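Can you read through this structure? Questions will come right after.
The values are calculated or read from the model by the stated rules, or taken from the named source; none is laboratory data. On a predicted model such as this, the values are computed, not experimentally measured, just so you know. Cβ sites come from the backbone with ideal geometry, for glycine too, and all protein chains shown count toward neighbours. For the accessible areas, the whole protein counts, side chains as well, though only heavy atoms, and no ligand, DNA or RNA atoms are used. Shrake-Rupley method; radii C 1.70, N 1.55, O 1.52, S 1.80 Å.
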2 protein chains.
Amino acid sequence: MTLASEPTDHTGYWMRMVSNAVSQEFARKVSSEDVTVAEWTFMRALYDLEPTPPSALAERMGMTKGAISKLAERLVVKGLVERTESQEDKRAHSLSLTTEGRAKIPILASLADENDAGFFGVLTNDEHEALDRILKALAERRGLKTTPVD
Amino acid sequence: MTLASEPTDHTGYWMRMVSNAVSQEFARKVSSEDVTVAEWTFMRALYDLEPTPPSALAERMGMTKGAISKLAERLVVKGLVERTESQEDKRAHSLSLTTEGRAKIPILASLADENDAGFFGVLTNDEHEALDRILKALAERRGLKTTPVD
DNA sequence: GTAATTAAGTTTCCTAGTCAACAATGATTT
DNA sequence: AAATCATTGTTGACTAGGAAACTTAATTAC
């Protein structure tokens, strides 16, 4: 017997290898639009939810409120997101995409489509379908829910 | 038609969600041994290669030499890794596990085994085998090679 | 109706990477 | 043998996120 199992014996090893590669390739693509993957994830969530308080984004993205606060600030500085003060609750505010931010959504979305199609295009249809099915089953059975950022 | 595809339409989305969950769970487990995932990956690579120059680890782990330099330093401080000056080349040195570091390998390896088995244990054998097969095919066909850290 | 508690966001400090500049040494050219 | 060029590893400036302290405002308890 050996003292230590091989890392390559683990599904998690291959999972991370592939996942990192997809993300890195996507990061490279979105950087052409001067946006990071986290920023895209944020904007895409906002597109579905706007106007929404930062706390909802934190929940959805599985990030701390501190991280969301800084991420939002970066996007405000870039002119892609704007804050609106709440009248009922003076502590709170809501976030929305600016016109410029909203205009970027379809562009970034098609980069995301392209990236996924390109990366997983080396699989046969059967393989691709099986992979999707198994990943979704895993997420379901393990009760995963937050939108992955990195 | 919609302006933007759903993130959940992408295989990469589910991939990241699952991969992040495995990593986070593993990070929690290894922290009980006062080690980070990057540190474990480093030590496990060293276990196979020692004594080896930092540059080889950087290559294997897909990290910059700067990152490796700092990671090695942290492990030296923890007493898990040691440096040996090279005689032929005064710029170079090689890294090895200390006795203490080597003693941790089987412990951490079994945490890794446990983590993988536990996480993917919700899959049927057929699903698990299919997942492994497809991930390896993907890595192969896309020419991926570095040991994933995070 | 005031005090204590809870909630929303921000800020500070910390960790862990990248990238690029660097010092020191070694290799190559001429 | 000197000058140039390449390589090894470290350092410093910067980025991005987490944890927890903090500020301000709202809610609850009494």
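At 7 Å along the Cα-to-beta-carbon direction for both A:Arg28 and B:Asn125, put a label point, then send me their distance in nm to one decimal.
4.0
Now a separate question. What share of all Cα pairs of the protein assembly as shown, in percent, falls into each consecutive 20 Å distance bin?
30, 53, 17, 0
Let me ask something else about it. If you filter region B:1-92 for GluC sites (Glu not before Pro), then keep DSSP loop positions with at most 12 other Cβ within 10 Å, what is left?
Counting only loop positions with at most 12 other Cβ atoms within 10 Å, the GluC sites (Glu not before Pro) in region B:1-92 are B:Glu88.
Mind checking the mean number of beta-carbon atoms from other chains within 10 Å of the Cβ atoms in B:107-117?
3
For peptide A:125-135, compute the average count of partner chain beta-carbon atoms within 10 Å of each residue's beta-carbon.
5
In Å² (nearest 100), what accessible area is buried between B and A, both sides summed, heavy protein atoms only, 1.4 Å probe?
Chains B and A together bury approximately 5300 Å².
Taking A:Pro51 in one copy and the same position in all the others, each labelled 7 Å out along Cα→Cβ, what are the pairwise distances from the first, in nm, shortest first?
A:Pro51 label point versus its equivalents elsewhere: 6.6 nm.
Treating cross-link reach as a plain straight distance, find the lysines whose alpha-carbon is under 23 Å from the alpha-carbon of B:Lys104, omitting any fewer than eight places away in the same chain.
Counting by Cα, and skipping residues close in sequence, B:Lys104 has these lysines nearby: B:Lys29, B:Lys70, B:Lys78.
Dimensions of chain A along principal axes (Cα, Å, largest first)?
So the three principal-axis extents are 66, 32, 26 Å.
Using r as the Cβ-Cβ distance of B:Glu100 and B:Arg133, and R0 as 30 Å, what FRET efficiency do you calculate, to the nearest 0.05?
In this case the efficiency is close to 0.20.
Spelling out what I want: for every residue of region A:105-111, take phi, set θ = phi - 60°, compute 6.51 cos²θ - 1.76 cosθ + 1.60 (Karplus), and round to whole Hz; glycine and proline get x.
Residue by residue, region A:105-111 yields 3, x, 5, 5, 4, 6, 4 Hz.
For a quick check of your reading of the filter: which trypsin sites (Lys or Arg not before Pro) in region B:45-105 sit in a DSSP loop and have no more than 12 other Cβ atoms within 10 Å?
Answer in residue order: B:Lys90, B:Arg91.
Please report the carbon-and-sulfur percent of the accessible area for region A:33-142; probe 1.4 Å, protein heavy atoms only, DNA, RNA and ligands left out.
51
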